[in-house]
Amino acid sequence: MESRIAIEIKNGVADVRLVRADKMNALDMAMFEALVKATERLSKEKGLRAVVLSGEGRAFCAGLDMGRFAAMNDSGGNGIPGGEARDLTIRTHGQANFAQQAVWGWRQLPVPVIAAVHGVAFGGGFQLALGADMRYAAPDTRMSIMEIKWGLVPDMAGTPILATLMRDDILRELTYTGRVFSAQEAQSYGLVTRICDDPRAAALETALEIAGKSPDAIRAAKRMLNNLSVDPGPALLAESVEQQKLIGSPNQLEAVRANIEKRAPRFVDV
């Protein structure tokens, strides 16, 4: 886990950093595993009061590692640990599958999580930020529900969370187009809590403030607020079912090839 994520706990606050800076913290097999292990570790951490999640280097998280898309192009692999042998519909972590747990695990932690976002948060990286209770973003941050670019749908627990945050029509536009949007737009859509020149410092400051409150009340508040949402189970399963049908299909592979070859895609009619 240490090669992908660093965790430092001080004064009840876990400072969690993605440390694959040379790859803009992209999601490869090791990063998926590290994210799941990090939430498992933190869920058992005594005295934990709050968590700050950030990325080192130029970006929060650039999304799925390009090597996984190359694997899709070569063999139809599904771009997550296990490749084409993994059945996305199998629930490995309660209502979630393995890839979803890399995001959903942060929502399940008993304490508040603040994502400090800078650079880019694209695709799976954007969904990772959604797993937090709050998102603080640098002014020049760029975000995207980018899965459509690769002929895919968001399938890392993003859809049930997004449905609670933003208007349905805007969610549909961003999902259908994959358009890159700014931190300012994200805040107007309800996706960013606060825009800060130094989002990590601001997030740590808020986390320390939360850590000074009654831990019983904070944990009770998170349980209560989590229960305001509708049952995420059907949405999480629907993500997996739809994604599994798309992966390796002719038009999905054409989307990958077109991006890799830097040309316009040539899709066939459904």
If I filter segment 173-181 for residues that are in contact with a Gly (Cβ under 8 Å, 6 or more places away or on another chain) and outside any loop (DSSP other than H, G, I, E, B), do I get at least one hit? no
Options ASP155, ASP168, ASP133, ASP216: the member that is farther than 12 Å from VAL117 by Cα, touching a Pro at 6+ places or on another chain (Cβ under 6 Å) and not polar (S, T, N, Q): ASP133
Scan (1) under 17 Å from the mean Cα position of the chain (by Cα); (2) surrounded by 16 or more Cβ atoms within 10 Å (Cβ to Cβ) for the single condition LEU204 breaks and write down its number. (1)
Condition set over 19 Å from ARG219 (Cα atoms) and in a strand (DSSP E or B), scope segment 17-55, selection nearest to the chain's Cα centre (by Cα): answer is LEU27
Any residue at all in segment 234-252 that is within 24 Å of HIS118 (Cα to Cα), small (Gly, Ala, Ser) and over 18 Å from the mean Cα position of the chain (by Cα)? no
Among the residues of segment 142-170, write down those that are within 16 Å of the chain's Cα centre (by Cα), in a helix (DSSP H, G or I) and surrounded by 18 or more Cβ atoms within 10 Å (Cβ to Cβ). MET146, GLU147, ILE148, GLY158, THR159, PRO160, ILE161, LEU162
For segment 124-161, which residues satisfy the criterion of being closer than 21 Å to ARG91 by Cα and hydroxyl-bearing (Ser, Thr, Tyr)? THR159
For segment 71-99, give me the residue count where each residue is among the small types (Gly, Ala, Ser), at pLDDT 65 or above and out of contact with any Phe, Trp or Tyr (no Cβ under 8 Å at 6 or more places or on another chain). 2
For ARG17, work out the one condition from (1) at pLDDT 95 or above; (2) farther than 14 Å from LEU128 by Cα; (3) of a type in the set (Lys, Arg) it doesn't fulfil. (2)
Output the number of residues of segment 227-269 satisfying the condition of being touching an Asp or Glu at 6+ places or on another chain (Cβ under 7 Å) and in a helix (DSSP H, G or I). 3
Can you name every residue in segment 83-133 that is within 21 Å of ALA21 (Cβ to Cβ) and assigned to a loop (DSSP other than H, G, I, E, B)? HIS118, GLY119, GLY123, GLY131, ALA132
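The values are calculated or read from the model by the stated rules, or taken from the named source; none is laboratory data. A quick note: this is a predicted structure, and the numbers were derived from the prediction, not measured. Note that each Cβ is placed from the backbone with ideal geometry, even for glycine, and that neighbours are counted across all protein chains shown.
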